[in-house]
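**Student:** For reference, the structure I am asking about is given below.
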Amino acid sequence: MYLKNIVKHFIVITKHRLLVFKLCCKVGQPWRGFVHDLSKYSPTEFIPGVKYYTGTKSPNEGERIDKGYSVAWLHHKGRNKHHADYWIDMSAPEKYPLIPYQYVAEMICDKLAAGIIYQGKDWTKEYELQYWKRERVNYPLNEKVKKVITEVFEQVSKNGIDSTLTKKNIKSLYKKYCIDQIEINEKMLEK
């Protein structure tokens, strides 16, 4: 059973990484796609991934049910800046800071790729928006970044991935919700 899970888990994470790479290239972030989730091949993440492999959801969920926490997830989120949890600092004045553009772009590609891989033939262009609407309520993320992600998934739902995931479009959405707001705040402070 473990040998079969080793192969299957390796295939799933590799398919996921390849799809993230493809999507990151569309948004002008090929390097982020190339290095995406390399830590999943480390023993700390790969071994629990094999042990809790189901093929339909993250093995981290199984590890959480079994142990009450996921060692693989704790390792993963601490090494991958495209996860909101990487940026959380409950002792800082800004607990959920604004995440730099390249990691937000990678985060979007990661979420889309995860949905496509785990849903398989059942994935639709509306899937990610429906999932995000449930997830975003308690998601530990800067509200401005949440707005970027929401609008991206609304556009994917309406227009599809190819029309939405362009370098120009994702950069303009990030600028609209994140950079412009920073500039407005700075100008208000100057007055």
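The values are calculated or read from the model by the stated rules, or taken from the named source; none is laboratory data. Note that the structure is predicted; figures quoted are calculated from it, not measured. Note that each Cβ is placed from the backbone with ideal geometry, even for glycine, and that neighbours are counted across all protein chains shown. Heavy atoms of the whole protein, side chains included, go into the accessibility calculation; ligands, DNA and RNA do not. Shrake-Rupley method; radii C 1.70, N 1.55, O 1.52, S 1.80 Å.
**Student:** Label points 7 Å out from Cα along the Cβ direction at Leu74 and Glu154: separation in nm?
**Tutor:** 3.9 nm
**Student:** If I take R0 = 45 Å and measure r between the Cβ atoms of Lys4 and Ser172 in this structure, what FRET efficiency does the formula 1/(1 + (r/R0)^6) give, to the nearest 0.05?
**Tutor:** Numbers: r = 45 Å, r/R0 = 1.01.
Using R0 = 45 Å, I get an efficiency of 0.50.
**Student:** Work through the residues other than Gln119 whose Cβ is under 15 Å from its Cβ and net out their charges, Lys, Arg +1 and Asp, Glu -1.
**Tutor:** Here the count lands on +1.
**Student:** Could you state the angle between the C-alpha long axis of helix 143-159 and the longest principal axis of the C-alpha atoms of the chain, as a value from 0 to 90 degrees rounded to the nearest 10?
**Tutor:** Taking the Cα atoms of the chain, the angle to 143-159 is about 70 degrees.
**Student:** At Glu61 and Glu94, where each label point lies 7 Å from the Cα along Cα→Cβ, what is the point-to-point distance in nanometres?
**Tutor:** 3.3 nm
**Student:** Just one of (i) 21; (ii) 16; (iii) 24 is percent of Cα pairs over 29 Å apart as worked out from the coordinates here. Which one is it?
**Tutor:** (iii)
**Student:** Something else now. Report ³J(HN,Hα) in whole Hz for each residue of the range 32-37, in order, from the Karplus equation J = 6.51 cos²θ - 1.76 cosθ + 1.60 where θ = phi - 60°; Gly and Pro get x.
**Tutor:** 4, x, 5, 8, 4, 6
**Student:** Okay, moving on. Divide by every residue of the chain the summed helix terms, -39500 (n - 2.57) for each DSSP H run of at least 4, and state the resulting mean residue ellipticity at 222 nm, rounded to the nearest 500 deg cm²/dmol.
**Tutor:** -20000 deg cm²/dmol
**Student:** Using θ = phi - 60° and the Karplus relation 6.51 cos²θ - 1.76 cosθ + 1.60, list the HN-Hα couplings for the range 96-104 in order, rounded to whole Hz, with x at every Gly or Pro.
**Tutor:** Going residue by residue, I get 10, x, 5, 8, x, 3, 4, 7, 5 Hz, with x marking Gly and Pro.
**Student:** What shape does the range 17-126 take by its C-alpha gyration tensor, where a ≥ b ≥ c are the square roots of the eigenvalues and a/c under 1.5 counts as rounded, a/b above b/c as prolate, and the rest as oblate?
**Tutor:** oblate
**Student:** Let me ask something else. In the range 1-74, which trypsin sites (Lys or Arg not before Pro) are in a loop and have at most 14 other Cβ atoms within 10 Å, using DSSP for the loop call?
**Tutor:** Answer by residue number: Lys57.
**Student:** Keeping all protein chains in place, calculate the accessible area per residue for the chain (probe 1.4 angstrom), answer in Å². If you can, show how the numbers build up before the last one.
**Tutor:** Details: 10880 Å² over 191 residues.
Ligands and nucleic acids excluded, the figure is 57 Å² per residue.
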